[in-house]
Amino acid sequence: MVIGYCVIFLSSGCSFRPHDNLRRQVLADEQLEIEMETTTTEMKLWETDDLSIHYKMQAAGDYLNLSGYVKISDSVTYTFPRADFLVIYVYLLNGDGMSTSRHIIRPGISRYNTFRQESQFSKIIPKDVDTTSFAFGYWGNFIDTESTIMEGRMRSGGDEWEIYHSPFLNE
């Protein structure tokens, strides 16, 4: 009985699990349009309290061209100005708003570098046959300015802040 409670407690954590999100329903207001014409140069904006993604997503045959930049919110970087890691997830969706694949974007940040500027990205993504839209998610960890070298690696000597966003129902 005690072991059962421990398993439930350990598996009910609050951390974001991006690998669990394929073939799941995405919230309607998280579904983003894919531009079909390739001549537009207008960037679109997607944002949360933690970050903003300025992007352009265009269909090009069997591929999607995604480019833009990520800017971390001042509310995060004011106290936690250094990035441990940041991963942006792009979920391709079918006509029912179900995720069909996940692709990873790693913005140009170096481990434990200050993240006060925008970070550029560009990715060519193979388009799933039934792709009609897409959604963003992310997961990252930021630290305060105190860091030390422990066991041969840079480690935070102070506080850390995890950020994440999931576009899925029931998350």
Query raised in the report: Could you give every pair whose Cβ atoms fall below 7 Å, whose first residue belongs to the range 125-145 and is part of a strand (DSSP E or B), and whose second residue is of a type in the set (Lys, Arg), counting only separations of at least 6 or pairs across chains?
Result: PHE142/ARG82; ILE143/ARG82
Requested in this report: Collect the residues in the range 65-82 that are more than 12 Å from ASP50 (Cβ to Cβ) and either without any contact (Cβ under 8 Å) to a residue 12 or more places away in the chain or in a strand (DSSP E or B) (or both), keeping them in residue-number order.
Outcome: ASN65, LEU66, SER67, GLY68, TYR69, TYR78, ARG82
Query raised in the report: Which of the residues that make up the range 85-104 are out of contact with any Asp or Glu (no Cβ under 7 Å at 6 or more places or on another chain) and more than 14 Å from LEU64 (Cα to Cα)?
Result: PHE85, LEU86, VAL87, ILE88, TYR89, ASP96, GLY97, MET98, SER99
Requested in this report: Name the one entry in LEU86, LEU92 that is hydrophobic (A, V, I, L, M, F, W, C), at pLDDT 95 or above and under 27 Å from LEU169 (Cβ atoms).
Outcome: LEU92
Report task. Consider only pairs whose beta carbons are under 7 Å apart and that are at least six residues apart or on different chains; among these, list those whose first residue lies in the range 31-50 and is closer than 26 Å to SER73 by Cβ and modelled with pLDDT of 95 or more and whose second residue is of a type in the set (S, T, N, Q) and exposed (fewer than 14 other Cβ atoms within 10 Å of the Cβ). Result -> ASP49/SER75
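For (1) at pLDDT 90 or above; (2) buried (at least 19 other Cβ atoms within 10 Å of the Cβ), each residue gets a yes or a no:
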{"position": "SER99", "(1), (2)": "yes, yes"}
{"position": "SER110", "(1), (2)": "no, no"}
{"position": "ASN113", "(1), (2)": "no, no"}
{"position": "VAL129", "(1), (2)": "yes, no"}
{"position": "ILE143", "(1), (2)": "no, yes"}
{"position": "ILE149", "(1), (2)": "no, no"}
{"position": "GLU160", "(1), (2)": "no, no"}
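The values are calculated or read from the model by the stated rules, or taken from the named source; none is laboratory data. This is a predicted model, so every value here is computed, not measured. Glycine gets a Cβ as well: all are built from the backbone with ideal geometry, and neighbour counts include every protein chain shown.
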